[in-house]
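Engineer: Got a structure here, written out as structure tokens. Questions coming.
We did not get these values from a lab; they are worked out from the coordinates using the rules stated. Quantities reported herein were computed from a predicted structural model and do not represent experimental measurements. Backbone-built Cβ (ideal geometry, glycine too); neighbour counts: all protein chains shown.
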Amino acid sequence: MKKNFAGSVFYKHNYTMSPQNEVLNYKVIILVRKFGLVGGMEEYVYQLAIELCKKGFEIIIICEQSLTDPPSAKIQVVELGLSITKPRWFAHLRFAAKAS
């Protein structure tokens, strides 16, 4: 384990690789309030899910609202339902409580 200058922690993993250099049996859970091609963060998560799926990861997206269908069968989207949107800090707090 080592830390970078911002204090983020990086872990060294030993991945199980297939003959096609795909990672096997790993799941990634991504939390985002909205899933789809509607904004910067949402599009980033959408593209990240696609690329990780191509590498063999199973992806689970936990969101309040999905604005598009999952681009792959390996991507599972779990919708938690919309929260109160104002004030914004309260909306984030409610989403965090639902996700946990």
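Engineer: Tell me, in nm to one decimal, what length is gained between M41 and N25 on full extension, where the rule is 0.36 nm per residue of separation less the Cα-Cα distance?
Structural biologist: Full extension of this stretch gives 3.1 nm more.
Engineer: Quick check: residue separation of A97 and Q76 times 0.36 nm, minus the Cα distance between them. What number comes out in nm? Don't skip to the end; give the middle numbers.
Structural biologist: Numbers: separation 21, 0.36 × 21 = 7.56 nm, distance 2.04 nm.
Difference between extended and current length: 5.5 nm.
Engineer: Ok, one more. For the ranges 27-34, 65-72, what's the packing order if you count other beta-carbon atoms within 10 Å of each residue, average per peptide, and put the highest first? Don't jump to the answer; show the numbers that get you there.
Structural biologist: Working: 27-34: 16.4, 65-72: 13.9.
Descending mean neighbour count gives 27-34, 65-72.
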